[in-house]
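Chemist: Provided herewith is a single structure, encoded as structure tokens, for subsequent inquiry.
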Amino acid sequence: METFPKNVEIAVHSFLKKCPAYLFLLFLSCGPFPNDPGRTLEKITNGTLKVGYSENIPWVYKTDHGAGGLEAQLITDFAAKYNAQVEWVNSSEEKLFEKLEKKEIDIVIGGITSKTPWKKGK
């Protein structure tokens, strides 16, 4: 088990306690209904969720078993809810977004913000 400095543990714990509220606000901002035209949720239920990640501490980092960090924990918890195994794919943001566009992976994480150069429509 990894150990972190106390201030990182406190920040992570505080963030995770607030996560349900943040996720609720995120879903509210998505419009009247969440949209899944590729039926990804149906495909991953009792199957495999392919997650591309680019290291960006504390959001996500490489571990012996795939990925760790705040976003990786959210993905792991989400996958468990749907009885899905997580397949971690580590690469650069550019390569991950190419894989996402080709539907080779289901989601990309890495502390990505609105300032990312990988916006829809290039």
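Chemist: Select from region 77-101 the residues that are polar (S, T, N, Q) and surrounded by fewer than 16 Cβ atoms within 10 Å (Cβ to Cβ) and list them in ascending order.
Modeler: Asn83, Gln85, Ser92, listed by residue number.
Chemist: Check whether at least one residue in region 110-119 is part of a strand (DSSP E or B) and surrounded by 15 or more Cβ atoms within 10 Å (Cβ to Cβ), and report yes or no.
Modeler: Taking every residue of region 110-119 in turn, none turns out to be part of a strand (DSSP E or B) and surrounded by 15 or more Cβ atoms within 10 Å (Cβ to Cβ).
Chemist: Still on this model: Do we find a residue being closer than 23 Å to Glu104 by Cβ, part of a loop (DSSP other than H, G, I, E, B) and at pLDDT below 65 anywhere in region 14-36?
Modeler: yes
Chemist: Right, something else. So which residues in region 90-109 are in a loop (DSSP other than H, G, I, E, B) and in contact with a helix residue (DSSP H, G or I) (Cβ under 6 Å, 6 or more places away or on another chain)?
Modeler: Ile105, Asp106
Chemist: In region 68-87, what count of residues is obtained for those that are under 11 Å from Leu49 (Cβ atoms), more than 10 Å from the chain's Cα centre (by Cα) and not small (Gly, Ala, Ser)?
Modeler: Residues flagged as under 11 Å from Leu49 (Cβ atoms), more than 10 Å from the chain's Cα centre (by Cα) and not small (Gly, Ala, Ser) within region 68-87 amount to 6.
The values are calculated or read from the model by the stated rules, or taken from the named source; none is laboratory data. Please read all numbers here as calculations on a predicted model, not as lab measurements. Quick reminder, even Gly has a Cβ in these numbers, built from the backbone with ideal geometry, and neighbours come from all protein chains shown.
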